[in-house]
1. Which of the pairs LYS71/LYS150; LYS117/LYS148; LYS103/LYS137 have their Cα atoms more than 32 Å apart in this structure?
2. In what sequence, highest mean first, do 66-77, 163-174, 101-112 appear when ranked by Cβ atoms within 10 angstrom?
3. Where does each of 133-144, 43-54 land if you order them by average Cβ count within 10 Å, highest first?
4. Please report, in debye to the nearest 20, how large the charge dipole of segment 60-151 is about its Cα centre when each Lys and Arg carries +1 at its beta carbon and each Asp and Glu carries -1 there.
5. Pick out, from VAL136, THR113, SER97, the residue whose Cα sits farthest towards the positive end of the charge dipole of segment 91-142, with +1 on the Cβ of Lys and Arg and -1 on the Cβ of Asp and Glu.
6. If Lys and Arg each add +1 and Asp and Glu each add -1, what is the summed charge of the other residues whose beta carbon sits under 12 Å from the beta carbon of PRO159?
7. If I stretch the segment between ALA112 and SER140 completely, what's the gain in nm (0.36 nm per residue apart, minus their alpha carbon distance), one decimal?
8. Using Cα pairs under 8 angstrom and six or more residues apart, how large is the relative contact order of segment 99-161, in percent?
Amino acid sequence: VVPPSTTTVAPPMTTSAPSMPSSQTTVSSVPGSTINAPPPDKGTVVVEAKISTKTGSIQPVRDERFFLLDKDLESILNDAGIDDETGQGLVNAYGLSVLYPDKYGDTNRKAATAIAKHVVYRTQTDAGGKASMKDVKPNSYYLFGITKTKTGFAVWSAPVSINVGENVLNLSPAQLTE
């Protein structure tokens, strides 16, 4: 489970903008993740993402992209010259640009371009909030994903170590302000 401290949530703003079987199991450096070993020399990454509504209801993160990056999100955004227009940090600035692209379009374009340069692997969640990446080279990466609702957004950004075999990343439900 990726700890809640790696999740960023922002309240809404007032605006008019709209396989081989395994005989061995080990634990990776991501708490709650398991690894089945040993397939040849690649790993499979399984992501399960959820959000928690204001009422505490847990919902899957549907049809959203998740990435393994070669650099942490904060550094990518800093290097891209993203402005922290609201004073809430660069990750929140990017989240607000996703939530309100009409208001923060320049930030959104600059961030998306910068992030794309650091994507090593990508996947998209299904209706149940699950996704997988196959043939992932064992290494250290940064897991990144973002989702938005009508009233807020959540960002997942955490270092992960991918090993040979199956790597299951159960992301802590992100609390959204509704």
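Please treat every number below as a calculation from the coordinates, not as lab data. If you're wondering where the values come from, they're calculated on a predicted model, not measured in any experiment. Cβ: placed from backbone, ideal geometry, glycine included. Neighbour counts: every protein chain shown.
1. Working: LYS71/LYS150 29 Å; LYS117/LYS148 22 Å; LYS103/LYS137 38 Å.
Check vs 32 Å cut-off fails for LYS103/LYS137.
2. Values: 66-77: 19.7, 163-174: 21.2, 101-112: 17.2.
The most tightly packed comes first, giving 163-174, 66-77, 101-112.
3. The densest-packed peptide leads the list: 43-54, 133-144.
4. Dipole size: approximately 400 debye.
5. VAL136
6. Working: positive: LYS71; negative: ASP70, ASP72, GLU74.
Summing Lys and Arg as +1 and Asp and Glu as -1 gives -2.
7. Additional length available on full extension: 7.9 nm.
8. Relative contact order comes out at 25 percent.
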